[in-house]
Amino acid sequence: MEVTKPVEDWNRPPSQIPEFKVDPILVLLFGFLTCGLYLIYWNIKAAEVINAVAEREIISQPVAIFSGCCLPVNLYFYYIAGKDGLPHVYRRIGEPEKDQSVLLLILGFFFPMVAAMIVQSDLNKLYK
């Protein structure tokens, strides 16, 4: 019979969450003004924050980059953010977890800037 050691995380340093607090209205405005190019930058920074909060890679950098250019990857980005990423954010801020993957998937197809606004508003709660 194998004996497993209990995982000790009392001595693990707290993860450093990158500062990316942007007003959701500015995400919408910059997205329209740059014809969506700002969303490529936004996807990269949002993926960094989500990965830091989860303490593992949920959304890789290539997925974050290509999600601004390619619709199927964009839908995958919002689905993963709603399914696996945002629940870690909710846990960190002490709110009840909710699965927003379907909402973000539908909004990511029709109005990607609005889906980005929703994700950004949830990420902003980390910095209060």
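The values are calculated or read from the model by the stated rules, or taken from the named source; none is laboratory data. It should be emphasised that the depicted structure is a prediction, and the values quoted were computed from it without experimental measurement. Every residue, glycine among them, receives a Cβ derived from its backbone with ideal geometry; neighbour counts consider all protein chains shown. Heavy atoms of the whole protein, side chains included, go into the accessibility calculation; ligands, DNA and RNA do not. Shrake-Rupley method; radii C 1.70, N 1.55, O 1.52, S 1.80 Å.
Applying the condition of being open to solvent by 50 Å² or more (accessible area, probe 1.4 Å), modelled with pLDDT under 95 and in a helix (DSSP H, G or I) to segment 25-46 and asking which residue is nearest to H88 (Cα to Cα) yields L37. Does E2 qualify as being open to solvent by 20 Å² or more (accessible area, probe 1.4 Å) and within 17 Å of L126 (Cα to Cα)? Against the criterion (open to solvent by 20 Å² or more (accessible area, probe 1.4 Å) and within 17 Å of L126 (Cα to Cα)), E2 does not qualify. There is at least one residue in segment 50-62 that is open to solvent by less than 50 Å² (accessible area, probe 1.4 Å), closer than 17 Å to L123 by Cα, not small (G, A, S) and not in a helix (DSSP H, G or I).
Just wondering, is there one or more residues in segment 100-121 that are part of a loop (DSSP other than H, G, I, E, B) and within 14 Å of the chain's Cα centre (by Cα)? Yes; the residues of segment 100-121 include at least one that is part of a loop (DSSP other than H, G, I, E, B) and within 14 Å of the chain's Cα centre (by Cα). Working only within segment 92-116, note down all residues that are among the aliphatic types (A, V, I, L, M) and open to solvent by less than 40 Å² (accessible area, probe 1.4 Å). L104, L107, M113, A115, A116 - these are the residues of segment 92-116 that are among the aliphatic types (A, V, I, L, M) and open to solvent by less than 40 Å² (accessible area, probe 1.4 Å).
Looking only at residues in segment 65-91 that are open to solvent by less than 70 Å² (accessible area, probe 1.4 Å) and without any contact (Cβ under 8 Å) to a residue 12 or more places away in the chain, which one is farthest from S121 (Cα to Cα)? That would be C70. Annotation note: Cβ proximity below 9 Å between a residue of segment 51-64 that is at positive phi and a residue that is hydroxyl-bearing (S, T, Y) and open to solvent by 20 Å² or more (accessible area, probe 1.4 Å) (sequence gap 6+ or interchain) occurs for E55/S15.
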